[in-house]
1. How many residues does the stretch 305-337 hold that are in a helix (DSSP H, G or I) and buried (at least 16 other Cβ atoms within 10 Å of the Cβ)?
2. With the structure loaded, tell me whether Pro258 is in contact with an Asp or Glu (Cβ under 8 Å, 6 or more places away or on another chain), without any contact (Cβ under 8 Å) to a residue 40 or more places away in the chain and of a type outside the set (Lys, Arg) or whether it fails that test.
3. Picking from Asp373, Asp364, which residue would you name as being touching a helix residue (DSSP H, G or I) at 6+ places or on another chain (Cβ under 9 Å) and touching a residue at least 60 places away in the same chain (Cβ under 8 Å)?
4. Which numbered condition trips up His200, out of (1) more than 23 Å from Glu352 (Cα to Cα); (2) touching a residue at least 12 places away in the same chain (Cβ under 8 Å)?
5. From the set of residues in the stretch 247-270 that are crowded, with 16+ Cβ neighbours inside 10 Å and assigned to a helix (DSSP H, G or I), which is farthest from the ligand (Cβ to nearest atom)?
6. Within the stretch 88-108, is there a residue that is of a type in the set (Ser, Thr, Tyr), more than 35 Å from the chain's Cα centre (by Cα) and assigned by TED's automatic domain parsing to the domain that holds Ile51?
7. Please state which one of Ile217, Ile197, Ile211 is assigned to a helix (DSSP H, G or I), within 24 Å of Gly278 (Cβ to Cβ), away from the ligand (no atom under 13 Å from the Cβ) and out of contact with any strand residue (DSSP E or B) (no Cβ under 6 Å at 6 or more places or on another chain).
8. Restricting to the stretch 345-384, count the residues that are in contact with a Leu (Cβ under 7 Å, 6 or more places away or on another chain) and away from the ligand (no atom under 13 Å from the Cβ).
Amino acid sequence: MNVNVIGAALIALLTFAVSPSYANEQTDERASTGGAQTLEDILARQKGLEIDDSFRRENLGQPENAAPTSSELGTLGGMSNADVYRGIRYNAVDIKVSNNGPAAEVLVQDGGMSWLLTRDNQIRSYAGFGIGGVLIALVAFYFMKGRMMIDGGPSGQTIERFKAFERFGHWCLAGSFVMLAITGLLLLFGRAVIIPIFGHQANSVLATFSIWVHNNIAWVFMLSLVAIFFMWVKHNIPNKLDWDWLKQGGGIIGNAHPSAKKFNAGQKIIFWMTILLGASVSMSGLSLLFPFELPMFAKTFNVINAITGMGLPTELLPHEEMQLAHLWHAIVAITMIIAIIAHIYIGSVGMEGAFDAMGSGQVDLEWARQHHDLWVEEEMSKASPNPSGQPVGQAGK
Ligand code: HEM
């Protein structure tokens, strides 16, 4: 199974453009070439279309019917050189190699070109348009709607929103993610953007720096992802309140302040997106960090097939596993970057008073009442050492 087929199946799952299938109407013409490929096959392949290559894949000679070595051409053992090379190309011959490793016995793997083209064309364009699009949309939103302010202004009283260890966990996750995003994008766009503008030397330095940072900072991201999960999962279980919040557009569209506990439905979406996509990007990243040691796609396709009956390929070459891990890693990372840009906007310039939650940990009481009224009630009803009976302080203290 070549990587074109797998790539197309994967990309179809993600609603990416799928190459049109190649209607193989070449049987008669192929007979005229003695079973070899036709001009149409070559032209179709150049256009990136799928071709039915069974006429080559299965044409591997006939060792079992080989002529005796004493007869004419008998020394070929039933396989011509072309048969042997086809066998090597389609991994259908039993070969011995002197180096070890799971990928060493695959001498030819022709999925590399379609992997490269998918990366250079689809992935780069979707990344560019997606990230550029969300930035333009947020700037437009800011100019249309302005900063979301605290109705009636801040109260001057504060309430503790996140403890120091929660903020530490958040900033480890955020800092590592931002560095992974920047270095990942430098690697993805190096050839297309850095080389034409700054030249090969600049790209070489940036790429060497980026891959080193990317491979090492990934551990901080993975550890803080686990910490964030355990810290906040109990506040992120979906409930009926979330549905009401979503129906009112979260107060972002319109001016309502729908009720919410510690996290509203929008934040729960960000939380679960971070956890699930973060886990997926981490697993595909580990697969890339330890080449050929942690193949995951054949096993995953097996599970998907069992659930959906989709018929995804379950026998993949080591290189195909790496190519899929790379494409998937990039697709998930770009989806996360787009969503996190929106999160950063709301958590900073987009909403008055929001940043304090992760800055000092103390938010204005009025802000908290407007966005998390039920959480404020819960905090207030907890036994409090505060003389006023309320777990609040004064702003600036
Ligand atoms: C770098 C700039 C960032 C800023 C300014 C920022 C700001 C904030 C703020 C203010 C909150 C608390 C909101 C509240 O009080 O309820 C928060 C929560 C959170 N942040 Fe960030 N953040 C940033 C980056 C990130 C990144 C990169 C991730 C994940 C990869 C992330 C994941 C989360 C999660 C899961 C929450 C809890 C759910 C939520 O409030 O949406 N943040 N962030």
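The values are calculated or read from the model by the stated rules, or taken from the named source; none is laboratory data. The structure displayed is predicted, hence computed values, not measured ones. Every residue, glycine as well, gets a Cβ built from its backbone with ideal geometry; the counts of neighbours run over all protein chains shown.
1. Going through the stretch 305-337, the residues in a helix (DSSP H, G or I) turn out to be 305-308, 318-337.
With the extra rule that they be buried (at least 16 other Cβ atoms within 10 Å of the Cβ), the set shrinks to 318-337.
Adding up the residues that qualify gives 20.
2. Details: in contact with an Asp or Glu (Cβ under 8 Å, 6 or more places away or on another chain): yes; without any contact (Cβ under 8 Å) to a residue 40 or more places away in the chain: yes; of a type outside the set (Lys, Arg): yes.
So Pro258 passes the test.
3. Details: Asp373 fails: touching a helix residue (DSSP H, G or I) at 6+ places or on another chain (Cβ under 9 Å).
Matching residue, one of Asp373, Asp364: Asp364.
4. (2)
5. So the residue we want is Gly251.
6. From the stretch 88-108, those of a type in the set (Ser, Thr, Tyr) are 90, 98; that's our starting set.
This time we only want the ones that are more than 35 Å from the chain's Cα centre (by Cα), so: 98.
So of that shortlist, the ones also assigned by TED's automatic domain parsing to the domain that holds Ile51 come out as none.
The answer is no; no qualifying residue exists.
7. Details: Ile217 fails: away from the ligand (no atom under 13 Å from the Cβ); Ile197 fails: within 24 Å of Gly278 (Cβ to Cβ).
None of the others qualify; the one that does is Ile211.
8. Residues in the stretch 345-384 being in contact with a Leu (Cβ under 7 Å, 6 or more places away or on another chain) and away from the ligand (no atom under 13 Å from the Cβ): 0 in total.
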